[in-house]
Amino acid sequence: KEDEKEETIETTILSPQEFIDHEEKHALEKSLKGLITSEFDRSLSFLEEYREFLQQNWEYKKFDMSLILNRRLARPGQTFVALLNLIEYQKSNFETQIPFQADVGLFRIQSSSLKNALIKNTKDFEENISHALPVEIHKRFSECKEWFEASLAKLKLNATAIEGFVDMSRNLKEVEKNLGYYRDLLKTTKEVLDTMKKFQIEIQKETVVLD
């Protein structure tokens with residue numbers, strides 16, 4: 001019995017329920033829960049600021065390059081200037097506004113991989129434009145060149161006979177009918193070329209020479 005009494009005393013001493021105030025315990029648990037919840041909310045609020053960056057990145061990935069290469073694009077020079085300026089602005093934002101890591105309350109948020117991925121995707125998009133524009137420029141200049149050469153050949157027909165005058169008159173009307181389209185195509189293509197030079201987008205000399 002003496003042994004049982006000693007064991008009971010030891011058991012009672014080792015039990016925290018005997019000396020912890022239940023109301024104090026409840027208050028402490030509530031306080032800790034509120035603190036952790038508050039810190040999670042702060043972290044989520046911090047991460048919410050990245051939503052805009054992620055949205056921009058998604059738009060880059062889904063962007064249809066054919067839209068800006070379409071020949072019916074209005075004011076291509078201004079459009080490309082605005083687009084390339086926007087890319088530079090957003091790339092700068094990714095570089096300066098996203099930290100590699102941030103201590104937010106109790107949590108340390110690692111964002112270096114996100115930062116690097118966003119910057120890389122922006123640069124890749126810029127490179128895609130830099131590769132696509134010279135190809136499109138070459139196609140347009142080549143088309144204009146072929147049309148002008150073909151038109152000149154039609155207007156150089158021998159017109160000493162009546163049939164020759166009739167053919168030349170018909171060819172002249174055809175050239176006049178298409179002249180506006182190719183004149184505008186040449187003008188808008190030059191706008192794109194000037195934009196490329198402004199933003200130092202490399203283009204091979206043979207791509208644009210009309211020889």
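The values are calculated or read from the model by the stated rules, or taken from the named source; none is laboratory data. Values in this document were obtained by computation on a predicted structure and should not be read as measured data. Cβ atoms come from the backbone with ideal geometry, glycine included; neighbour counts cover every protein chain shown. For accessibility, only protein heavy atoms count, side chains too; no ligands or nucleic acids. Shrake-Rupley method; radii C 1.70, N 1.55, O 1.52, S 1.80 Å.
Restricting to region 46-73, give me the number of residues that are in a helix (DSSP H, G or I) and exposed (fewer than 11 other Cβ atoms within 10 Å of the Cβ). Going through region 46-73 one residue at a time, the tally reaches 7.
When Leu73 is tested against the conditions (1) more than 30 Å from Lys190 (Cβ to Cβ); (2) in contact with a Ser or Thr (Cβ under 8 Å, 6 or more places away or on another chain); (3) not acidic (Asp, Glu), the lone failure is (1). Taken together, the residues in region 74-118 that are touching a Pro at 6+ places or on another chain (Cβ under 9 Å) and outside any loop (DSSP other than H, G, I, E, B) amount to 3. Considering Leu118, Leu114, the condition of being within 28 Å of the chain's Cα centre (by Cα), touching a residue at least 24 places away in the same chain (Cβ under 8 Å) and closer than 20 Å to Leu84 by Cα is satisfied by Leu118 alone.
Here is a check on your reading of the model: is Lys145 within 26 Å of the chain's Cα centre (by Cα) and among the basic types (Lys, Arg)?
When the stated conditions are applied, Lys145 does not pass them.
Among the residues of region 54-72, the ones that are within 24 Å of Arg183 (Cα to Cα) and without any contact (Cβ under 8 Å) to a residue 40 or more places away in the chain come to 4 in all. Cβ-Cβ contacts under 6 Å between residues 6 or more apart (or on different chains), taken from a first residue in region 40-53 that is over 12 Å from Leu114 (Cβ atoms) to a second residue that is surrounded by 11 or more Cβ atoms within 10 Å (Cβ to Cβ), are listed as Arg42/Val104; Arg42/Gly105; Ser43/Val104; Ser43/Phe107; Phe46/Val104. Scanning region 127-170 for residues that are at pLDDT 85 or above, among the charged types (D, E, K, R) and within 23 Å of Leu185 (Cβ to Cβ), we see that the one that is surrounded by the most Cβ atoms within 10 Å (Cβ to Cβ) is Arg140. Residues in region 89-106 that are without any contact (Cβ under 8 Å) to a residue 12 or more places away in the chain and open to solvent by less than 80 Å² (accessible area, probe 1.4 Å): Ser92 alone.
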